[in-house]
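Trainee: Before we start, here is the structure in question, set down as structure tokens.
FYI, it's all coordinate maths here, none of it is from the lab. All of these numbers come straight from a predicted model, not from anything done at the bench. Here Cβ is always computed from backbone atoms with ideal geometry, including for glycine, and neighbour counts include all displayed protein chains.
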Ligand code: HEC
């Protein structure tokens, strides 16, 4: 039983590890620079009423972007984000999430 638990924990660790490295942060940074920063500010630090999106969990960011992409509202200004998320591919979303989760104000 213990042996089973240890190997199960090992498999979960590998899975989480793979997941957190599934996006290409450099590609995400380039995609972010195309237009996301117009609203969310440099490196996703947030600007006026636009939410800060840097430093959040990858899974959270992926989920938010896919929710907007599907046309589902989250907050009062979702229509803006739904428009922005609609053209994103799964790969772009993963790359953006990888970049934003690790972004700091100075990169
Ligand atoms: C026209 C302005 C605008 C642009 C451009 C824009 N966003 Fe947003 N974004 C918003 C607004 C406004 C919200 C909050 C929407 C709501 O009320 O649900 C938001 C929300 C988000 C959220 C969810 C934040 C949270 O914690 O709930 C993420 C993630 C996000 N944007 C990522 C991006 C990415 C990545 C891009 C570029 C592809 C982008 N945004 C481009 C305005 C914008």
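Trainee: Starting from the 7 Å offset along Cα-to-Cβ, what nm value, one decimal, do you get for the label separation of residue 56 and residue 105?
Mentor: 2.0
Trainee: Can I ask one more? What nm value, rounded to one decimal, do you get for the distance between residue 47 and residue 27 when each label is placed 7 Å out toward the C-beta?
Mentor: Label-label distance for residue 47 and residue 27, simple model: 2.5 nm.
Trainee: At residue 77 and residue 89, where each label point lies 7 Å from the Cα along Cα→Cβ, what is the point-to-point distance in nanometres?
Mentor: 2.9
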